[in-house]
Amino acid sequence: MAAEKKMKEYGIAFKGLKEGEHLFNYHLKDAFFELFEQPQVETGDLMATVKLIKNSRMLEFQFQIDGEVGAICDRCLSEVMVPVNYEGTIYVNFGDEYDEPTEEIVVIPHEEHTFNIARFLYEFIVVSLPIRHVHPDNEDGTPGCDPEMLDRLSEYMVDQEPAFTDEEDENEEPIDPRWDELKKLFNKNNK
């Protein structure tokens, strides 16, 4: 019940608003992410500014989200704060029933008087995250990751290919040289 009440805080009642621009500000913290089942993001501190441009035929919601969220570092597995910067727009039209024909267009029934933006805020945050989450390097160029964890991981890294006997080498086909170039790139990016 408390989650439903919290979710209603993100409902924008547009029926009573005059035509024109209206600004809404939201401070999104950990409690915001708890509103969603199995969230991909659980912690964060963000400011979201939503500008509603209302006219007689349509609603336009312009989103600006800035801040950071907690993620697990892909290199050392400790928590890292990842910056989020998002700008986007959703156009809301009126129709017979709810529909989302495109990523930017939402159709809501004529009798609706509020539009809840919580799910859109969450989705915009998630899609704006980089694919790889890694601590930024220190000023001296060393990784900003947990050094103890990096030492432990290096113990388990395999740096060499296993040695083959001459007989095994003769039976194998020659390796395409492009694979060697890819290995060099991989090793360069993991240093």
Could you tally the net charge around ILE72, taking each other residue with its Cβ under 12 Å from the Cβ of ILE72, Lys/Arg +1 and Asp/Glu -1? -2
Pair-distance profile P(r), taking every C-alpha pair of the chain, with 5 angstrom steps and integer %: 1, 6, 12, 13, 13, 11, 9, 7, 7, 6, 5, 4, 3, 2, 1, 0, 0
Looking only at LYS51, LYS29, LYS15, which one moves most when the chain is put into a Gaussian network model with springs between Cα atoms under 10 Å? LYS15
Name the residue, out of ARG75, ARG178, ARG132, whose mean-square fluctuation peaks in a Gaussian network model built on the chain with Cα pairs under 10 Å. ARG178
Average Cα contact separation per residue, the chain, under 8 Å, 6 or more apart, as relative contact order %: 16 percent
Residue-by-residue Karplus 3J(HN,Hα) for the stretch 107-115, coefficients 6.51, -1.76, 1.60, Hz, glycine and proline x: 10, 10, x, 4, 7, 5, 10, 10, 10
Which listed pairs, of LYS8/LYS51; LYS29/LYS54; LYS5/LYS51; LYS5/LYS29, have C-alpha distances above 21 Å, in listed order: LYS29/LYS54; LYS5/LYS51
Multiply the residue gap between TRP179 and ASP66 by 0.36 nm, knock off their C-alpha separation, and tell me the result in nm, one decimal place. 36.6 nm
With viscosity set to 1.567 mPa s at 4 °C, what whole-number translational diffusion coefficient in µm²/s follows for the stretch 1-67 from Stokes-Einstein and a Kirkwood radius over Cα pairs? 96 µm²/s
What net charge is computed for the residues neighbouring GLU111, neighbours being all others with C-beta under 13 Å from the C-beta of GLU111, Lys and Arg scored +1, Asp and Glu -1? -2
Contour minus end-to-end for ARG119 and LYS6, with contour as 0.36 nm per residue of separation and end-to-end as the Cα-Cα distance? 39.4 nm
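No value in this document is a laboratory result; all are computed from the given coordinates. Worth saying up front: this structure is predicted, and the values here are computed from it rather than measured. Note: ideal-geometry Cβ built from the backbone for every residue, glycine included; neighbour counts use all protein chains shown.
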